[in-house]
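Just so you know, all these numbers are worked out from the coordinates, no wet-lab data involved. Being a predicted model, the structure only gives us computed values, none of them experimental. Note that we place each Cβ from the backbone using ideal geometry, even for glycine, and neighbour counts take in every protein chain shown.
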Ligand SMILES: [Zn+2]
């Protein structure tokens with residue numbers, strides 16, 4: 001017994017519709033004839049809907065929804081030292097669970113089926129992923145000046161998390177190792193983390209060349225850009241998710257292209273924090289795999305992948321004064337396909353045998369009428385309110401606009417009350 005969706009649109013001309021059948025956790029067939037409906041199948045009418053395989057939010061800190069709107073317009077250091085860190089220090093493991101669930105709920109509502117997340121109290125992050133039914137690549141964000149100063153303990157915490165959660169939740173949970181950045185982790189910590197990544201077979205997930213000052217400082221300290229420095233310590237010898245890469249030069253880009261690196265482009269976060277605009281067209285042209293992430297809600301303030309992909313092409317075209325940059329198919333592929341391989345998914349989502357991670361958009365709205373081309377509709381006109389249904393591994397997480405695995409009201413109320421508790425301590 002499976003689910004059969006008839007006459008649903010997919011990326012391409014609006015006239016191209018398919019029948020799609022999934023069974024258990026995988027896609028059983030695409031474009032079958034009517035005879036592919038099997039006895040006991042749930043039959044759904046896909047007329048007026050678009051099916052995609054779900055966005056991969058390639059870099060986020062889900063639990064940071066707690067900091068949404070807390071202090072938006074201050075310099076980074078003030079924001080961290082006076083607002084974020086004092087609250088983060090008071091967070092209990094259970095708080096991270098509720099905040100992560102809120103972030104996941106927001107992501108599902110914008111058509112996200114997979115998250116690449118870095119935070120702490122990761123057992124709670126993993127619990128939220130397991131219970132909500134989404135897919136994720138999770139890591140514990142290590143901050144350690146040296147092995148002696150916190151490093152050994154941070155690596156042990158990371159290792160325990162990797163061993164405890166890799167492949168859990170029927171394989172929906174994958175794990176990575178995360179030295180937070182080159183400027184928050186010492187070189188000995190980095191070298192151990194790389195060694196451990198080889199030993200455990202996990203990717204690395206870190207922040208790279210986010211701000212101009214990071215790059216300038218690093219050149220003064222080491223004579224190298226962050227990317228060249230990472231190459232010099234062999235950090236690209238394992239698959240890496242490199243968040244941001246805003247300030248990368250031609251040589252950096254060549255290095256990124258030559259190694260198994262997925263760049264997580266976070267345009268709204270980079271704009272909000274005044275960090276700059278990443279050279280996405282140059283990276284793509286050089287062959288770098290570039291995915292899209294929201295970063296945490298503190299620096300966004302949304303976890304809305306539809307909005308994120310729209311901002312991606314908008315910024316590049318305005319910056320380069322060229323309307324041919326990042327056409328709709330490219331930017332849609334960045335948001336859907338580019339983040340898949342690092343979390344172990346097959347390259348193409350809508351294909352037979354692939355996990356049944358599906359998102360349905362209503363294309364029959366005022367702002368999406370008439371529908372000429374589905375990639376253009378998604379990139380230029382759609383919004384997250386058009387998402388009606390979300391499935392991961394064939395299980396409905398959102399059905400006709402209703403969250404099925406998360407009690408939305410309860411989660412909002414828990415997050416409001418924990419913020420109240422922390423602020424009034
Ligand atoms: Zn980040």
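Quick notes
- Secondary-structure-derived ellipticity at 222 nm for the chain, considering helices only, amounts to -10000 deg cm²/dmol, per-run term -39500 (n - 2.57) for DSSP H runs with n ≥ 4.
- GNM on the chain, alpha-carbon springs under 10 angstrom: the most fluctuating residue among 46, 394, 385 is 385.
- Cα-derived Rg over Rh, computed across the range 1-158 with Rh taken as Kirkwood radius: 1.14
- Rounded FRET efficiency, nearest 0.05, which uses the C-beta distance separating residue 45 from residue 395 and R0 of 22 Å: 0.60
- Distance (nanometres) between label positions extended 7 Å along Cα→Cβ at residue 213 and residue 258: 3.2 nm
- Angle between the chain longest axis and helix 93-109 axis [Cα atoms, degrees, rounded to 10]: 40 degrees
- Mean-square fluctuations from a GNM of the chain, with a 10 angstrom spring cutoff on Cα atoms, peak among 52, 342, 87 at 87.
- Among 119, 97, sorting on how many other beta-carbon atoms sit within 10 Å of each Cβ, with the fewest leading, yields 97, 119.
- Gyration tensor over the Cα atoms of the range 79-154: the corresponding equivalent ellipsoid has semi-axes (square roots of 5 times the eigenvalues, largest first) of 25, 15, 11 Å.
- With respect to the chain, whose longest principal axis is taken over its alpha-carbon atoms, helix 187-200 is tilted by about 40°.
- Cβ-Cβ distance of residue 143 and residue 317, R₀ of 56 Å, FRET efficiency by 1/(1 + (r/R0)^6): the value works out to about 0.90.
- Along principal axes, Cα extents of the chain, largest first, whole Å: 65, 49, 42
- Point-to-point label distance, residue 156-residue 7, nm (Cα→Cβ direction, 7 Å offset): 6.3 nm
- Scattering curve values for the range 301-425, log₁₀ I(q)/I(0), Debye with Cα scatterers, q = 0.15, 0.16 Å⁻¹: -0.89, -0.98
- Fully extended contour minus Cα-Cα distance, from residue 38 to residue 71, at 0.36 nm per residue: 6.4 nm
- For the chain, built as a Gaussian network whose Cα springs stay under 10 Å, the top-fluctuating residue of 278, 318, 28: 318
- The range 1-107 - percent relative contact order, Cα under 8 Å, separation 6 or more: 25 percent
- Projecting label points 7 angstrom from Cα along Cα→Cβ for residue 222 and residue 413 puts them 5.0 nm apart.
- Listed peptides 172-182, 264-274 appear in the order 172-182, 264-274 once ranked by packing, highest mean of other Cβ atoms within 10 Å at the front.
- The chain: angle of helix 151-165 to the longest principal axis, Cα-based, in degrees nearest 10: 20 degrees
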